[in-house]
Number of protein chains: 2
Amino acid sequence: MQAKLSGFISAIQQATTLDGLQSVIIGLRDHLGIEHVIYHSVNSTGQQYAVLTYSPEWVDRYLAEDYARIDPVLQGCFRRFHPVNWKTLDWSGRAQRMFLGEALDAGVGNQGYSVPIRGPNGQFAMFTVSHRARDATWEKFTGEHVADLILFAHFVNQRALEIEGGHDLNVMRSLSPREIDVLTMLAMGLNRAQAADSLAISEHTFRTYVESARFKLGANNTTQAVARAVAEGLVLI
Amino acid sequence: MQAKLSGFISAIQQATTLDGLQSVIIGLRDHLGIEHVIYHSVNSTGQQYAVLTYSPEWVDRYLAEDYARIDPVLQGCFRRFHPVNWKTLDWSGRAQRMFLGEALDAGVGNQGYSVPIRGPNGQFAMFTVSHRARDATWEKFTGEHVADLILFAHFVNQRALEIEGGHDLNVMRSLSPREIDVLTMLAMGLNRAQAADSLAISEHTFRTYVESARFKLGANNTTQAVARAVAEGLVLI
DNA sequence: AAGCCCCCCATCATTTTCGGGGAGTTGCTT
DNA sequence: AAGCAACTCCCCGAAAATGATGGGGGGCTT
């Protein structure tokens, strides 16, 4: 497997379009002998795109019904770090209806294993393998491939980020230490008076820093300035 | 290496304390034949802890001087998804003084390779290997071990999350879709009137959502609520 | 030495937000 | 059928933030 694995990773890294990634993913699916491989990403502007082997009908249905809101896989991945076996999720209520009533018919496997992936600026993605199999079989399969799947997930996401994302993230804005201080205090929930006090400067001075930080960050108001600073990692809460 | 790798991963998974992780990490360092292995985590409440092989003096110095603010490794990792070779970072200005003037003396290797890791709730961590070596040697070493390092990073972080506190992850704050909407608008820099307008709800309704989101997030004011939501990845800007 | 950025301080009128109340509908879950 | 969470709408006075202006001193870089 090891040789094959690095082969797939090379292939991933040579892909220059999402279609290219799709081909690699299909190759991977066939190699693993399973039914579905899905890579699904939500980027920082809230736009999402996916590279998958589901039927277009099911994808349309999923989007139209806004199943993302009730999908236990998505919810589960979002709050976990380690990959998650679908069997361990909570499939009650609406989720059950979605799964038993529609997803299975649409060709989604009864078993699944999803790797959560997080990138800079709040990017979130999932790399999923799905199949029709018995619990024990699936347990064995996933157990043997955890490491490989984590690596695939990483490299697919890395490539997808390179393909999709403009590298305007590199235009790092720099704030002065004091500007970072004031934004940090605000992000911690202090009001101007408290914050200025705890930095031992006048409220007016405090305001000056907020203004200049706001200007540098191209923000309309304090809240946006704080949000941007937090999102860019300039301010750690 | 493959056999060794899974051995280390098993060892990681058997660790029950951060000290246990430390032992595994030292074993890993010796096995790789390098000088330092560092795992450093920051969660969304700003608490940080580390498992590392640096001298306590250097760690104290780093914390006391708040070097996290100017450390290009931290900054660079926060903006990237893929592991980063220290050589590719911007080591000018204060960072240079820190590195040449103190870090090297403190035993930090001249070469380094850091894997960024992101978990739920805005958790952020780095897994770093550092060594004294020439560029070509280091290039070769890291090239050969990228995949392994990514995997180590993953499993160390997974274990550290389990050890440090699975409890606060369970009380994962979940915001309703509308609450996320209002915070998103605010994070984008609109004021209440504009935001309410663009969501096609009354300003007062808008306020109600902000209030309930603020309550759920345990925030003192709107700015903090937005900052927390952004930091935890609930709101994408 | 000039220019630039960082650090600090101030006023006033205007706009925006906050905090404290209260009320009604839908829709899912149990 | 009841409960609960989410969604929608409203008032008002007090408190806070903003915008538009000023000012001065210190330190690094060119």
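Using every pair of separate Cα atoms, the Kirkwood estimate puts the hydrodynamic radius of the protein assembly as shown at 23.7 angstrom. To the nearest ten degrees, helix A:2-14 and the longest principal axis of the Cα atoms of chain A are 50 degrees apart.
Averaged over A:211-223, how many beta carbons belonging to a partner chain fall within 10 Å of each residue's beta carbon?
Values: counts 0, 0, 0, 1, 0, 0, 1, 1, 3, 5, 5, 4, 14.
The mean count of partner-chain Cβ atoms within 10 Å per residue comes to 3.
Assuming a ≥ b ≥ c are the square roots of the Cα gyration tensor eigenvalues, decide whether the stretch A:121-163 counts as rounded (a/c under 1.5), prolate (otherwise, with a/b larger than b/c) or oblate. Verdict is prolate for the stretch A:121-163.
For the protein assembly as shown, lysine pairs separated by 8 or more sequence positions, or belonging to different chains, with Cα-Cα distances below 29 Å total 10. Each other copy places its own label point for B:Asn220 at 2.6 nm from this one, sorted shortest first, where the point lies 7 Å along the Cα-to-beta carbon line. Other residues with beta-carbon under 15 Å from the beta-carbon of A:Glu57 carry, at +1 per Lys or Arg and -1 per Asp or Glu, a net charge of -3. If you bin all the Cα-Cα distances of the stretch B:2-169 at 5 Å, starting from zero, the percentages per bin are 1, 8, 18, 23, 22, 17, 8, 3, 0. The mean count of C-beta atoms from other chains within 10 Å of the C-beta of residues in B:109-119, rounded to a whole number, is 2.
Think of it as helices only: each DSSP H run of n ≥ 4 in chain B is worth -39500 (n - 2.57), and spread over all residues that comes to -17000 deg cm²/dmol at 222 nm. Remark: label point of B:Gln194 defined 7 Å out from Cα along the Cα-Cβ vector; separations to the same position in other copies 2.7 nm, ascending.
Fully extending the segment from B:Phe215 to B:Ser6 would add 70.8 nm, taking 0.36 nm per residue of separation and subtracting the current Cα-Cα distance. Taking the stretch A:1-101 on its own, what percent of its Cα-Cα pair distances exceed 16 Å? Above the 16 Å cut-off, the stretch A:1-101 has 67 percent of its Cα pairs. Applying 1/(1 + (r/R0)^6) with r as the Cβ-Cβ distance of A:Asp60 and B:Gln47 and R0 = 30 angstrom yields a FRET efficiency of 0.10.
With its label point defined 7 Å out from Cα along the Cα-to-Cβ axis, A:Leu100 lies at 6.9 nm from the matching points of the other copies, in increasing order. What angle do you read, to the nearest 10 degrees and between 0 and 90, between the alpha-carbon axis of helix B:203-217 and the longest principal axis of chain B? Around 30 degrees separate the two axes. The Rg/Rh ratio for the stretch A:172-231 is 0.93, where Rg is the radius of gyration of the alpha carbons and Rh is the Kirkwood radius.
At A:Ala106 and A:His204, where each label point lies 7 Å from the Cα along Cα→Cβ, what is the point-to-point distance in nanometres? In this crude label model, A:Ala106 to A:His204 measures out at 6.2 nm.
No value in this document is a laboratory result; all are computed from the given coordinates. All values derive from a computational prediction rather than experimental measurement. All Cβ positions, glycine included, derive from the backbone under ideal geometry; neighbour counts span all protein chains shown.
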